[in-house]
Each structure stands twice: as structure tokens, then as C-alpha cells.
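Heads up: the structure comes next, in C-alpha cells.
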């Protein structure tokens, strides 16, 4: 294995074309620099420098120039590693909880935007129902979570009102039969909104389709499998807003933590999402 200190000395000698000036750069005597070069030459089995008879000027051999080029890259990489180790805050991952009923492409785009302005950050996402994400935040499994909840139901770093609508597929008509619903699992606030709204209006309903995935619910609605409750941001061109069902009160998107002190990267992410999340 090549000694980085010897490689540094070689680079200095090649740059300065002098043992004396190279010694001044690495804070070594001329004799020590000469000894280090001889040691490196013995290690690689090649002559690396040509000395003039007076010893006042040196030039690299072909192998010396080649090794000096590699040495510069190795030294730069070594410095990069040292710099990275001096920034432990940037390396620690920020664990972000994301609701399964949130648009994955939308969240990915936001996180990619944050990574572009904060390239040293490392992000890890954890998906789940909002009720599960609250538990993960409380138990320290997630640092920050975007959850869906009843408006004003607890502390939050940021909140956004979320408008909800009934959506159906093109050409789907409602009759007197029970409303076929495409729903998220138990614990989803959209599911609660749909069922409570219909029960309050004394409209019969049945579960026609279920999925944890927003994409799955969107596809089921578009294909006519069922009618669902979605935020306005999740309505697709293949959907139609259904106006002959009860009006839905808004829900709330909230960015929450366990309440501890956030590090610099976590704070930066919160500030970024505060302007990027639009309900």
C-alpha cells in the first residue's frame, strides 16, 4: 500500500522541481525529502526523479509523472474523506414519515428538490397510515412525519388545510343502490369522512374496493370500481367530481415531531416543506 505522506512529498517535488523548495512545503529538511523519495522508489521499484549533477534541479521520469498524477487524486480523495468525517450532522439520516395515502410522486419530487439544495443531507422515508406514523414519531422511529388528521388536533410544526371531494369515474352514475366505495383501510381519515358523511345523510353504502395505496384508489375510481373521497390535489383528469353526495369538511395536513430539538438538517427540511407542501 502506498504511503500518502510519501506521495505528498513526491507531488511537492514534482511541482517545485527542487528538493529544497519541496521540503519547505512539507516542513522537512532537504535530506529527509530525498530519503522519502528513495523510499517511495524502492516501494514501487521504479526511478521516479532525474537529478542534475549539482542536485539543484529535478525532473520526473515517465513513471514519476504517472505516479504523481495518481498521487494527486489519492490525496484529494483522502482530503474529501476527512472533510466528510468532520460533518457528522450531514451524514445522519433524516427519517421522514409519509402517509400511504399521499401522492408518492409528489413527495418524491419535494424530497428531490430538498436534496438538490442540500446535497449533504441523507433522507430515509417510512410510509404508513397517519395513525401509525404518529406512533413511530412518539417512539423515535421517525424524526419528522407528514400526517393527515382532524384540523387543529394537536401541536405541529406546520399545517395546511386540505379540501376534500367525492370522485367517480367518467360515465359513472349514482342510483338508489348503495354507494360503492373505494376506500383506504381503517384509521384513514378519508375513509372516516366518507362513511360518516353518508351515514349522516342516511345514504346506503358498501365497500367495493380497498387499498393502502393512493395510486390504487385513484385507479379504482377511474375504472368505475368505486367512488371515493380524495383531496383536490389527488384528483386525476380521468376522475369526475361527484356533486350529488354530501359536502365534505376539510381535513388537515400536519408536519409533526416528537417535540425534541431538531438538528440543522431537520430544521432545513421543515423550512423547505413549509413552502413546498400545498394542500
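Results for (1) free of Cβ contacts under 8 Å to residues at least 40 places away in the same chain; (2) assigned to a loop (DSSP other than H, G, I, E, B); (3) in the same structural domain as residue 176 (by TED's automatic domain parsing); (4) under 33 Å from the mean Cα position of the chain (by Cα), shown as yes or no for each residue.
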{"residue": "193", "(1), (2), (3), (4)": "no, no, yes, yes"}
{"residue": "196", "(1), (2), (3), (4)": "yes, no, yes, no"}
{"residue": "203", "(1), (2), (3), (4)": "no, yes, yes, no"}
{"residue": "206", "(1), (2), (3), (4)": "yes, no, yes, no"}
{"residue": "218", "(1), (2), (3), (4)": "yes, no, yes, yes"}
{"residue": "221", "(1), (2), (3), (4)": "no, no, yes, yes"}
{"residue": "224", "(1), (2), (3), (4)": "no, yes, yes, no"}
{"residue": "229", "(1), (2), (3), (4)": "no, no, yes, yes"}
{"residue": "233", "(1), (2), (3), (4)": "no, no, yes, yes"}
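State whether one or more residues within region 247-266 are touching a strand residue (DSSP E or B) at 6+ places or on another chain (Cβ under 9 Å), part of a helix (DSSP H, G or I), outside the structural domain of residue 106 (by TED's automatic domain parsing) and modelled with pLDDT under 95.
Looking for residues that are touching a strand residue (DSSP E or B) at 6+ places or on another chain (Cβ under 9 Å), part of a helix (DSSP H, G or I), outside the structural domain of residue 106 (by TED's automatic domain parsing) and modelled with pLDDT under 95, one finds none in region 247-266, hence no.
Step by step: first the residues of region 4-42, then only those that are part of a loop (DSSP other than H, G, I, E, B) and surrounded by 14 or more Cβ atoms within 10 Å (Cβ to Cβ), then the one that is farthest from the chain's Cα centre (by Cα). Which residue is that?
Among those that are part of a loop (DSSP other than H, G, I, E, B) and surrounded by 14 or more Cβ atoms within 10 Å (Cβ to Cβ), it is 18.
Working carefully through the options 269, 248, find the one that is closer than 30 Å to residue 172 by Cβ and touching a helix residue (DSSP H, G or I) at 6+ places or on another chain (Cβ under 7 Å).
Answer to the selection: 248.
Identify, from the list 148, 168, the residue that is touching a helix residue (DSSP H, G or I) at 6+ places or on another chain (Cβ under 9 Å), under 30 Å from residue 95 (Cα atoms) and in a strand (DSSP E or B).
Selected residue: 148, the only one of 148, 168 that is touching a helix residue (DSSP H, G or I) at 6+ places or on another chain (Cβ under 9 Å), under 30 Å from residue 95 (Cα atoms) and in a strand (DSSP E or B).
Which of the residues belonging to region 112-126 are modelled with pLDDT under 90, over 9 Å from the mean Cα position of the chain (by Cα) and not in a helix (DSSP H, G or I)?
118, 119, 120
Take the residues in region 180-189 that are at pLDDT below 95 and touching a strand residue (DSSP E or B) at 6+ places or on another chain (Cβ under 7 Å); name whichever of them is nearest to residue 251 (Cα to Cα).
Residue satisfying both the conditions and the ranking: 189.
Kindly list the number of the only condition in (1) in a strand (DSSP E or B); (2) free of Cβ contacts under 8 Å to residues at least 60 places away in the same chain; (3) assigned by TED's automatic domain parsing to the domain that holds residue 268 that fails for residue 135.
Every condition holds for residue 135 apart from (1).
The values are calculated or read from the model by the stated rules, or taken from the named source; none is laboratory data. Not measured: the values here are computed from a predicted model. Don't worry about glycine lacking a Cβ; one is built from the backbone with ideal geometry, like all the others, and counts go over all protein chains shown.
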